[in-house]
């Protein structure tokens, strides 16, 4: 299982995103920024239109850096919840 899919499943299980995200598919993946971190974009047609995309940023070392609907790399914390908006 990919790191991004594991993170997505964790978000669904902890109810930080709706259950419909469990069946979302990757719509794109690219290395971004000067550190060439990975940005993995999931698409969920069942979600509200402004929130149909979920971006998961992962470092080359495999650390989840950010999760949000905007596609912006922001701080991420498992303790305080991911940086994403509902």
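Just so you know, all these numbers are worked out from the coordinates, no wet-lab data involved. From a predicted model like this one, the values you see are computed outputs, not experimental measurements. For neighbour counting, all protein chains shown are included, and Cβ atoms are generated from backbone atoms with ideal geometry for every residue, glycine included.
With the requirement that a residue be in contact (Cβ under 8 Å) with a residue 24 or more places away in the chain and within 18 Å of residue 60 (Cβ to Cβ), what does the range 3-25 give you? The answer is 3, 4, 7.
Answer yes or no: is there a residue in the range 46-54 that is under 15 Å from residue 2 (Cα atoms) and surrounded by 11 or more Cβ atoms within 10 Å (Cβ to Cβ). So far as the range 46-54 goes, no, none of its residues is under 15 Å from residue 2 (Cα atoms) and surrounded by 11 or more Cβ atoms within 10 Å (Cβ to Cβ). Quickly run through the range 7-30 and pick out the residues that are surrounded by fewer than 17 Cβ atoms within 10 Å (Cβ to Cβ) and within 14 Å of residue 66 (Cα to Cα). 10, 16 - these are the residues of the range 7-30 that are surrounded by fewer than 17 Cβ atoms within 10 Å (Cβ to Cβ) and within 14 Å of residue 66 (Cα to Cα).
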